[in-house]
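The values are calculated or read from the model by the stated rules, or taken from the named source; none is laboratory data. Bear in mind the structure is a predicted one, so any value in this text is a computation, not a measurement. FYI the Cβ positions are ideal-geometry reconstructions off the backbone, even for glycines, and counts take in every protein chain you see. Protein only, heavy atoms only, side chains kept; ligands, DNA and RNA dropped before computing areas. Shrake-Rupley method; radii C 1.70, N 1.55, O 1.52, S 1.80 Å.
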Amino acid sequence: MTGTTDNPMAEAPLVLASASPRRRELLQRLALPFVVVPAEVDETLDLGPAIGTAVASLAERKARSVAERCGSGLVIGADTVVVLDQLVLGKPRDAADAERMLHLLRGRAHEVITGLAVLDATSGCVERSAVVTSVQMRAASNDEIADYVGTGEPRDKAGGYAIQGAGGALVEAIAGCYANVVGLPLCETAALIRRFGVSIPAQVPNCRLPSGAPCPRLDSDAG
């Protein structure tokens, strides 16, 4: 069961602290009941520590803000950023900003980093992590970038593109977890949830490439 409610734990043991439809769709693949309660926090990153630490801290702030409203259960917080040579690219302010970001990214490799936090609302115990995927962009033309921005898709996407949408045409290759680039690395999310004793069926096709192949991170962990 998924949905939004004022009393989340009356329906499900998991709460997704995000309004992102992409994260909701991904979390459904774990075949666990959950509800959605969007976090209401200042999303400014503290870039004093390492970027992975900063996004994991923000993910925890999101989870804790929702946990205060839920009172019980496991709350999942997440935040995704695009990093190019230590320059952090969040969601573009407008179409011009999205175009600026895509001009910076084209023909180059960058990192997509998602900070994760799974918080037990009752005890306050938290498990945090950050997952990194390397993305190589095509050398798209000015017209290609302008046409893509004109679709409106980049509006609420870190780095100004959606790999699972029309923005995938701007991507040449990735190394690492594909779901991480979409916004929620299920391989790591499942691992953090399991630390709280939640059973996830082994046969669930939770974290895969668009081809259906298993997430490369899972193969790496198995080795």
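Odds and ends about this structure:
- The C-beta contact set for the range 161-177 (first residue within 13 Å of ARG208 (Cα to Cα), second residue part of a loop (DSSP other than H, G, I, E, B) and aliphatic (A, V, I, L, M), distance under 6 angstrom, 6+ apart or interchain) is empty.
Quick grid of which residues meet (1) in contact with a Pro (Cβ under 7 Å, 6 or more places away or on another chain); (2) polar (S, T, N, Q); (3) within 20 Å of ARG155 (Cβ to Cβ):
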| site | (1), (2), (3) |
| --- | --- |
| ALA39 | no, no, yes |
| LEU74 | yes, no, no |
| ASP79 | no, no, yes |
| GLN86 | no, yes, no |
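- Condition met for THR122 (touching a Pro at 6+ places or on another chain (Cβ under 8 Å) and of a type in the set (Ser, Thr, Tyr)): no
- Residues of the range 197-214 that are in contact (Cβ under 8 Å) with a residue 60 or more places away in the chain and surrounded by 15 or more Cβ atoms within 10 Å (Cβ to Cβ): VAL198, ILE200, ASN206, CYS207.
- Residue that is farthest from ASP79 (Cα to Cα), among those in the range 100-126 that are open to solvent by less than 60 Å² (accessible area, probe 1.4 Å) and of a type outside the set (A, V, I, L, M, F, W, C): GLY107
- Some residue of the range 38-60 being crowded, with 23+ Cβ neighbours inside 10 Å, in a loop (DSSP other than H, G, I, E, B) and touching a strand residue (DSSP E or B) at 6+ places or on another chain (Cβ under 7 Å): yes
- When GLU153, GLU144, GLU188 are checked against the criterion of being open to solvent by 50 Å² or more (accessible area, probe 1.4 Å), modelled with pLDDT of 90 or more and among the acidic types (Asp, Glu), GLU144 stands alone in meeting it.
- Scanning the range 189-218 for residues that are under 28 Å from VAL149 (Cα atoms), outside any strand (DSSP E or B) and not hydrophobic (A, V, I, L, M, F, W, C) yields PRO210, SER211.
- For the range 191-214, the set of residues classified as modelled with pLDDT of 85 or more and either in contact with a Lys or Arg (Cβ under 6 Å, 6 or more places away or on another chain) or among the aromatic types (Phe, Trp, Tyr) (or both) consists of PHE196 only.
- Across the range 1-26, the number of residues qualifying as modelled with pLDDT of 90 or more, closer than 19 Å to SER72 by Cα and out of contact with any helix residue (DSSP H, G or I) (no Cβ under 6 Å at 6 or more places or on another chain) comes to 2.
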